[in-house]
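One structure below.
The values are calculated or read from the model by the stated rules, or taken from the named source; none is laboratory data. Being a predicted model, the structure only gives us computed values, none of them experimental. Neighbour counts run over all protein chains shown; Cβ positions are idealised from the backbone, glycine included.
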Amino acid sequence: MTTSPNGGKIALVTGANKGIGYEIARGLANNGMTVLLGCRDRGRAEAAAEKLAQEVHTTVPILLDVTRSETIKAAAQRIDSDYGKLDVLVNNAGIAREWQFKPSTVDLGLVKEIYETNLFGPIALIQALLPLLLRSPAGRIVNVSSSLGSLQLTSDASSPLSQLQALGYCSSKSALNAVTVQFANELRQTPLKINAVCPGYVATDLNNHSGPRTPEQGARIAIEMATLPSDGPTGGYFDDEGRVPW
Ligand SMILES: NC(=O)c1ccc[n+]([C@@H]2O[C@H](COP(=O)([O-])OP(=O)(O)OC[C@H]3O[C@@H](n4cnc5c(N)ncnc54)[C@H](OP(=O)(O)O)[C@@H]3O)[C@@H](O)[C@H]2O)c1
């Protein structure tokens, strides 16, 4: 078994090779954790680990495609054999490929593809890694959602969020919020906490770098929820300003 040099906390961040996930990984490593960079491409994972190593962060690339159950199983087995537990899981990997379609015309196959990554992936990861997270004295799960998953905000006709049409993306994030609540209710009597977060509108490949926020700013709330104290919330939905309406 590998011993962690950094206070012993082990974190796994999915989609950690770029964008918000990279900055979440960087922030958690700066918090003293050993961070496993879950990436679907080995080369991109290694490149991210090398880049982070220049800042003396402890990160370990790990092959993980959230839509492929065999990679999830292999990652869980590796974390078990190398560390024996997991302290933090950040379900960050996400896709959005439908900005140009109306709900009435978007291809159902595309919606399913988005659900595989944004919704079924996080569920599969939580289920596979829960035994390891429950071995931690303070397990934390962070689901990277979006304000576009808020039914209250997106149904407000006066809000700019109601102008944005993305059937698969928005509904996948609303469902991810519901998944967060379901697991929080099941796990309320354990030390584990699970919350959903909104990074804000961040300039990344996901939106052709149109957002005003930096990935580092977008990562802040996920890092905060991944390092919550024992009296922190569970089953909530947060951004930098506090609670987000469901
Ligand atoms: N950007 C925003 O304004 C914004 C706002 C609200 C919420 N979010 C959420 O924030 C999260 C990160 O998005 P981002 O903006 O940083 O986007 P990004 O730069 O496009 O990064 C997405 C990451 O997810 C990975 N990924 C995609 N599918 C995957 C799969 N099947 N298995 C493993 N990894 C996979 C990508 O890997 P590859 O490099 O291999 O493609 C990449 O590392 C997403 O959940 C997104 O919905 C973003």
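Only residues that are within 6 Å of the ligand (Cβ to nearest atom) and buried (at least 21 other Cβ atoms within 10 Å of the Cβ) were counted in segment 205-230, giving 0. Of all the criteria given as (1) in a strand (DSSP E or B); (2) surrounded by fewer than 21 Cβ atoms within 10 Å (Cβ to Cβ), the one not satisfied by residue 89 is (2).
Only residues that are in a helix (DSSP H, G or I), touching a residue at least 40 places away in the same chain (Cβ under 8 Å) and within 12 Å of the ligand (Cβ to nearest atom) were counted in segment 154-175, giving 4.
Let's see how each residue does on (1) within 18 Å of residue 129 (Cβ to Cβ); (2) not charged (D, E, K, R):
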{"position": "16", "(1), (2)": "yes, yes"}
{"position": "19", "(1), (2)": "no, yes"}
{"position": "22", "(1), (2)": "no, yes"}
{"position": "28", "(1), (2)": "yes, yes"}
{"position": "40", "(1), (2)": "yes, no"}
{"position": "58", "(1), (2)": "no, yes"}
{"position": "69", "(1), (2)": "yes, yes"}
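Just to be sure before I move on: is residue 58 at pLDDT 95 or above and touching a Ser or Thr at 6+ places or on another chain (Cβ under 6 Å) in the structure I sent? Answer is no for this residue. Note on segment 6-80: enclosed strands (runs of 3 or more DSSP E) holding 1 or more residues that are more than 16 Å from the ligand (Cβ to nearest atom) and in contact with a Phe, Trp or Tyr (Cβ under 6 Å, 6 or more places away or on another chain) are 10-14.
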